[in-house]
Amino acid sequence: MRRLYVILLFVFLVLGCHDKIGEEEGKPAWLSIEFLTDKSVETRAGDEMLYNLKIEKLDGTPVCSFEDCSTISERILLHAGIYRLVASSGEDVETGFDVPFYQTQQEINLQGGENKQIALTCSQANVKVSVKYSEAVRKHFSGYTFTVNNGNGKLEFGKDEERAGYLRVNEGILEWKLDLNNGQETYQLSKRITDVKARQHYNFAFDVSEDGSEGDGAWTGGIVVDTTLDVFNWECNIVLKEKTAKPVLRRGDGGAFSEPCLVLAETRGANVICDVEAEAGVSDLVIRHRSEELKRRGIPESFSLTNMSTEVQEAVNAAGIVWLPLSPAGAQQATLDFSDLANRLPLGDYKFCIGVYDTRFRFVSDTLRISVIPDIDHIADEVNVMDVWAKFATLRGRWYTAVRPEGIGLEYSIDRNTWMPATALTFNESSKTFSASVAALEPATTYYYRTTSAEKGASETVREFSTEAADQVLYSNFDSWYADGKAPMVGIGGERVIWDSGNKGGASFGVIPTLEASGQEAVSGSAVKMICKYVAGKFAAGNIYTGEYGGKDGLTDVFLNFGTPYTCRPTSLSGYFKYTPGTINHSKAPYSHLDGKSDTCCIYVVLTDWDVPFRARSKDLYYPNYMTDPGVIAYGAMSTAEHVSEYRRFTIPIKYRDTTRKPKHIVIVATACKYGDYFTGSENSVMYVDEFELGFEPVE
């Protein structure tokens, strides 16, 4: 076993512990200690170890202690007796990066007049975990996250995380999980490791095999054990199950499924075809609709082309839908032809949802739209509901003539009597389509729109859309307050909690970090004042957030439920703030390097489609990662270390990562210490916020 020896020789300590021993009976004895550090699994070789030492009686009664043993210059004088020595280096945290913890304890029996020398060997008392990815992993997967859990806490290694992680040994169990995303599919590998002990190093190395077959698993792997160093090398080989692509649906005319296949009522003769490609082979092909007209023609609302009776097949064929091959099960290609049906339908809009499963159990679906319209030069397309916001919308239209009609455009109305022209038109000559954005709309209102041209005038086809609501989060002007025990709260007592803070947890320690401010301290009515305190060995930063305090487990382990139900799509968050930053005088990893620097305040807003609020746990620093959480739809933030003595207005643009999903929850957070969640900040930082408001206008 390789050892790095750090020798601290204690010689002739007369005063250090002597005052604490008291006038006990028994002859004195002398103690010298040599520290031996077993750093077999330590990563920071060469760093000077800082030891602390506790000497206690066997019943736990403390005798003396040394915070930094390197400062001791003399031997330790003790009375004869039996003692327990406990030496440690580092911080015993549940989880963390670059936080190895060394510890040992030993009992000694000192005889009167004895001059005793002993050696204490400190070994790593927690478990080390490191992760490496091959170039093949980086090539095949755009996103990958490795998580390891010891039952009470977890560590998340992002794809660029190179630091070693350390976890406390809890019940001898570690559970790890690797999430990978290649832009189309998500892989998840996981394993439960038992018989986990202190002083073990689990070194995970992930690679990719590109020649896997259908029968291969998602990964293969095992343990190679070096018993000398207790290093467990997990060689995990990710097998790409297949190189076959997911199923693909395409329109036969090359158009997009978001646009309807147009059938002219008088001309007819349209080709409405859908092509199916399934490289792994079709397992099932299902067609659904909800049209009363189609049901009258004998087409069931749902039918499977791979599992249907002769009677259903004959009825669907007679209605005008045919396909090849007749039995598509196992086929790599299939064609669905709706042309005969489309050319018989009356004026109107029709939709077919087409879903295909392949033999790898992958599912792809899309909606084939058919619009039977009068023989005209131009027409407005049906609106895509995700293009309609609370105060603006994108409208689309098309023309059928060889040359774009002169003066073609879009106009909209709230009552079908007074029409307003849409401006800033965008044209696509190849697809003969155009679009326009209209703004200054009223929320939760129905509008009508149509196409126009200089020669033909307005189209007879009038479409409609309804704007979304533009709701504010309740009590976001911060004028309403009530008392929940000793904790001031924003809102009205007896109602569902919308806004919460650290007050409920802090009140049990006599600390209220979030306060009501009024008069000259507010822009209007009341405002929120956030201060910071250090109490019970923990740093408490003033904050306010949408969500609810979730209770405690013990003295310091706090649960928070982030997010309040919300279904609108705002584009900005604005309000007022002022800030006095202090110098950071409390810090924890991974932000220890900020000690002595100016504090920073932060305000951010997040829209998610979480089904329930995110349950965070302070003990494990288990908070939502808004940068990687797949449930996050939109995000916006501002932070500053500037001293802002008077209220300043701010506006935070909310940037949408996904405009195809609607929110279910909103998280709004304001804090006087940006890293307060990690117990890092200044006791002198003070922040005020007031008059929060969500905006719904288009934002560049």
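Backbone amide hydrogens, once placed in the peptide plane, bring Val523 within less than 5 Å of nothing, excluding anything fewer than 5 places away on its chain.
In percent, rounded to a whole number, the relative contact order of region 335-380 is 38, using alpha-carbon pairs under 8 Å and six or more apart.
Computed over region 410-484, the Cα gyration tensor eigenvalues convert (square root of 5λ each) into semi-axes of 39, 15, 9 Å, ordered from largest to smallest. As a ratio to 2.2 N^0.38 Å, the alpha-carbon radius of gyration for region 607-693 is 1.25. The stretch between Val322 and Arg163 holds 51.3 nm of extra length on full extension. This uses 0.36 nm per residue minus the Cα-Cα distance. Computed on region 622-672, with alpha-carbon pairs under 8 angstrom and 6+ residues apart, the relative contact order is 40 percent. Surface exposure of region 80-148, expressed per residue as accessible area with a 1.4 Å probe, stands at 41 Å².
Each residue of region 156-172 was assigned a 3J(HN,Hα) from its phi angle through the Karplus curve 6.51 cos²θ - 1.76 cosθ + 1.60 (θ = phi - 60°); the sequence is 10, 9, x, 5, 9, 7, 10, 6, 7, x, 10, 9, 5, 7, 10, 6, x Hz, with glycine and proline shown as x.
Scanning residues 5 or more positions from Val686 or on other chains, those with amide H under 5 Å from its amide H are Thr580, Gly582, with H placed 1.01 Å from N in the peptide plane. Cα centroids of region 110-140 and region 53-70: 22 Å apart. Report the extension gain between Ser413 and Glu91 in nm, rounded to one decimal, defined as 0.36 nm multiplied by the number of residues separating them, less their alpha carbon distance. Difference between extended and current length: 109.2 nm. Close amide H pairs (under 5 Å, H built 1.01 Å from N) link Tyr534 with Ala540, residues at least 5 positions away or on another chain.
Calculated on the Cα set of region 435-531, radius of gyration then Dmax: 23.9, 78 Å.
The values are calculated or read from the model by the stated rules, or taken from the named source; none is laboratory data. Predicted model only: the values in this text are computed from it and were never measured. The protein model used for the area step is the full one, side chains on, heavy atoms only, and it has no ligands, DNA or RNA in it. Shrake-Rupley method; radii C 1.70, N 1.55, O 1.52, S 1.80 Å.
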